[in-house]
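Here is the structure we will look at, set down as structure tokens.
The values are calculated or read from the model by the stated rules, or taken from the named source; none is laboratory data. Not measured: the values here are computed from a predicted model. Neighbour counts are summed over all protein chains in view; Cβ atoms, including those assigned to glycine, are modelled from backbone coordinates with ideal geometry.
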Amino acid sequence: MINDEQLLALLLDDSLPADQRRQLEQAIAADPELRRRLTAWQAPLRTWPADDSFEPAPAAAQARWRRALAREQRLTASSDRRWPQGWLVAGLATIVLATFALSLERWRLPPTGAAQQPPPVAQDSAETGALQRGVALYLADTRARLAQWPGSADQQHDLLAQSLAQNRMHAAAAAAQGDQELARVLRAFELTLESLQAARDNDPAAAATRQRLSFELGAMQTKLSPAASKQTHTL
Amino acid sequence: MNLFARLLPSAAATAAARFERLISQRSGRWYQACLRITGDANWAEDAVQDALLKAWHGRERFRGESELDTWVHRIAINAALDRMRRERLRSPLALAAESVEGELAGAGLAPALASDLNLALAQLTDLERVCFVLKHLEQWRLEEIAEQLDSSLGSVKQALFRALRKLRDALQAWRSPT
């Protein structure tokens, strides 16, 4: 005797074993009363409109989504615009510091040793030191900004967009100088910053992510400090 | 200006145009699915917005509008389900038929039927309604539903069966003669 539970399973249970399904279908095909009961269960399912029939979303909702997307588009555009400028600044800063380091080395050499050249490593060290100091400053600045998290959504998005642009610049500079470890860590920060940018303003998970990011930035700052001071000493 | 910087604006503009078309043509379906799940217009709007912003940040991944549409639809539903989970402690859902009439049921229906469908959904518990919407209207598999709701397959089946019993009773008047 087939009960209603079994008929419902036939209609709704996609995990029903094939042999059970076949048995049910055969029993229904042979019994008009079962067919009538099955049709009665199918009725409420048939009442629902087809998948492709839907009304447009309310105009106010569509307007809200367009505004939110437009804001994201502006922020993306502004951070993308800043990226090449940041590269230019980083490149110029590196050249200036490298030139300064080379001049300093030459100045320190005795005049009689004209044949002597400054060791090539000095330039690399100067560049690396400058990069690490730059990153340390960026980390401290970002931590301070996160600590003073602004109230308005626009300010929050601006802050994150600026931090993202700086982060990308430093990651690219680190990669260019062969410091793959630093570049990798900075790229990890980039992902966190992007997830914060995508999160809703009042999302409690976003607050926890900010705290974690701040902690990680602090840890990275600490890790960079001795290296930076060592480089300064070398210079 | 380097090549990368020159390419970006046009890529962003193309993506923006694609999003604009999708909002015009498909957002009604995303919104309707989220509304059926949450029973709350504001939550449904939030869910769609979350999905759109996530899609915007990952826009390079989508090859065409169809893929983007499917992805936004799925992420919006997930966002709606997340919202439901976060709000689980609130009182049982009371869907106000007059506030969502027409939107919930879909286009092309007689107003009386749309109203009855809304009322029928309103009689279900959150779990029953979500299971019914995901299974019957969104065509999810039972396993997927159970996984998404952190529930057992048995619980989902039972919720679905209860939902269908209630809907059958509520929609008795619309039963087609057999």
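Residue by residue, here is whether (1) of a type outside the set (S, T, N, Q); (2) in a helix (DSSP H, G or I); (3) closer than 20 Å to residue A:75 by Cβ holds:
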| residue | (1), (2), (3) |
| --- | --- |
| B:25 | no, yes, no |
| B:37 | yes, yes, no |
| B:45 | yes, yes, no |
| B:49 | no, yes, yes |
| B:53 | yes, yes, yes |
| B:66 | no, yes, no |
| B:73 | yes, yes, no |
| B:80 | yes, yes, no |
| B:83 | yes, yes, no |
(request) Find all pairs meeting these conditions: Cβ atoms under 6 angstrom apart; at least six residues apart or on different chains; first residue within the stretch B:138-153 and on the phi < 0 side of the Ramachandran plot and at the interface with chain A (Cβ under 9 Å from one of its Cβ atoms); second residue modelled with pLDDT under 90 and surrounded by fewer than 17 Cβ atoms within 10 Å (Cβ to Cβ). (result) B:141/A:14; B:142/A:14; B:142/A:15
(request) Just need a number here: residues in the stretch A:22-72 that are without any contact (Cβ under 8 Å) to a residue 40 or more places away in the chain, exposed (fewer than 15 other Cβ atoms within 10 Å of the Cβ) and closer than 30 Å to residue A:154 by Cβ. (result) 5
(request) Could you please let me know if residue A:66 is more than 10 Å from every other protein chain (Cβ to nearest Cβ), more than 30 Å from residue A:1 (Cβ to Cβ) and modelled with pLDDT of 60 or more? (result) no
(message) Restricting to the stretch A:1-21, count the residues that are surrounded by 13 or more Cβ atoms within 10 Å (Cβ to Cβ), more than 16 Å from residue B:154 (Cα to Cα) and more than 11 Å from chain B (Cβ to nearest Cβ).
(response) 3
(request) Could you list all residues from the stretch B:32-50 that are crowded, with 24+ Cβ neighbours inside 10 Å, within 18 Å of residue B:20 (Cα to Cα) and more than 7 Å from every other protein chain (Cβ to nearest Cβ)? (result) B:47
(message) Of the residues A:178, A:134, only one is in a loop (DSSP other than H, G, I, E, B) and over 23 Å from residue B:55 (Cβ atoms); which?
(response) A:178
